[in-house]
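The values are calculated or read from the model by the stated rules, or taken from the named source; none is laboratory data. Worth saying up front: this structure is predicted, and the values here are computed from it rather than measured. So basically every Cβ, Gly included, is an ideal-geometry build from the backbone, and we count neighbours across all protein chains shown. The area values use the complete protein model at the heavy-atom level, side chains included, leaving out ligands, DNA and RNA. Shrake-Rupley method; radii C 1.70, N 1.55, O 1.52, S 1.80 Å.
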Amino acid sequence: QKEVEQNSGPLSVPEGAIASLNCTYSDRVSQSFFWYRQYSGKSPELIMSIYSNGDKEDGRFTAQLNKASQYVSLLIRDSQPSDSATYLCAGGDDYKLSFGAGTTVTVRA
Amino acid sequence: EPEVTQTPSHQVTQMGQEVILRCVPISNHLYFYWYRQILGQKVEFLVSFYNNEISEKSEIFDDQFSVERPDGSNFTLKIRSTKLEDSAMYFCASSPFLGGDYEQYFGPGTRLTVT
């Protein structure tokens, strides 16, 4: 079983809509999770970290962690064309991160 | 805002040659990492480094790879004898690891092309 899986995508949403991204993880992944945004040809840029069950909000982004279901999600509210990128889910600890394959989001103007 | 920097941005080398990729982590960070991303594939962990020694390494990080912190600011990745399959983007990252903060911040990357 892959350590971190992102099965949804690519995702196309109209400007102003909510984009919903999902990620599941295996038992081998430690309990800290991160969402990164990666524009084409660029490096991963940290958007959110989440360490405990529940929701965490930062501006237009909300991350949700459900450890019982081994599930992490990211909501992007009021999506903007500048949000068009690949979103990477990562799980890990101080020693390493395991990344999912990413979900490509396109926001249509 | 402090950033991780990497040099060079692009390195072209011939198969069998040695390359050294350089990174300057964020100054007050304690953990340093190298990741790579082959074109079209996911980001893969290579190695983590703390207190002047390797904390963890992946199966990719074989004897051809080594890391070093030669001074108080630089962190390097050396590939001793490059192979075609080493062509990838190599990202350096650093983490403060203070108070349970495991957030890793990535540098802009070095594109390595092995011909």
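Quick notes
- In the stretch A:63-109, the residue that is farthest from B:SER95 (Cα to Cα) out of those that are open to solvent by 20 Å² or more (accessible area, probe 1.4 Å) and β-branched (Val, Ile, Thr) is A:THR106.
- Residue in the stretch B:25-38 that is touching a strand residue (DSSP E or B) at 6+ places or on another chain (Cβ under 8 Å), within 30 Å of A:THR104 (Cα to Cα) and open to solvent by 50 Å² or more (accessible area, probe 1.4 Å) present: no
- In the stretch A:34-57, the qualifying residues are those that are over 13 Å from the mean Cα position of the chain (by Cα) and within 14 Å of chain B (Cβ to nearest Cβ), and the one that is surrounded by the most Cβ atoms within 10 Å (Cβ to Cβ) is A:SER43.
Condition check ((1) more than 13 Å from the chain's Cα centre (by Cα); (2) within 22 Å of A:ALA101 (Cα to Cα); (3) of a type in the set (D, E, K, R)) across all residues:
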site: B:GLY16; (1), (2), (3): yes, no, no
site: B:ILE20; (1), (2), (3): no, no, no
site: B:CYS23; (1), (2), (3): no, no, no
site: B:ASN28; (1), (2), (3): yes, no, no
site: B:GLN37; (1), (2), (3): no, yes, no
site: B:GLU44; (1), (2), (3): no, yes, yes
site: B:PHE49; (1), (2), (3): no, no, no
site: B:SER58; (1), (2), (3): no, yes, no
site: B:VAL67; (1), (2), (3): no, no, no
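- Considering the stretch B:75-95, the residues that are surrounded by 15 or more Cβ atoms within 10 Å (Cβ to Cβ) and assigned to a loop (DSSP other than H, G, I, E, B) include one that is nearest to the other protein chains (Cβ to nearest Cβ), namely B:SER87.
- The criterion of being within 10 Å of chain B (Cβ to nearest Cβ) and within 14 Å of the chain's Cα centre (by Cα) does not hold for A:ALA19.
- Looking only at the stretch B:96-115, and only at residues there that are of a type in the set (S, T, N, Q) and in a strand (DSSP E or B), the one that is surrounded by the most Cβ atoms within 10 Å (Cβ to Cβ): B:THR110
- Test: A:SER30 is at pLDDT below 95, under 22 Å from B:LEU46 (Cα atoms) and outside any strand (DSSP E or B): yes
- The residues of the stretch A:1-27 that are among the polar types (S, T, N, Q) and either assigned to a strand (DSSP E or B) or open to solvent by 50 Å² or more (accessible area, probe 1.4 Å) (or both), listed by number, are A:GLN1, A:ASN7, A:SER12, A:SER20, A:ASN22, A:THR24.
- Among the residues of the stretch A:51-109, the one identified as farther than 30 Å from B:VAL47 by Cβ, in a loop (DSSP other than H, G, I, E, B) and acidic (Asp, Glu) is A:ASP78.
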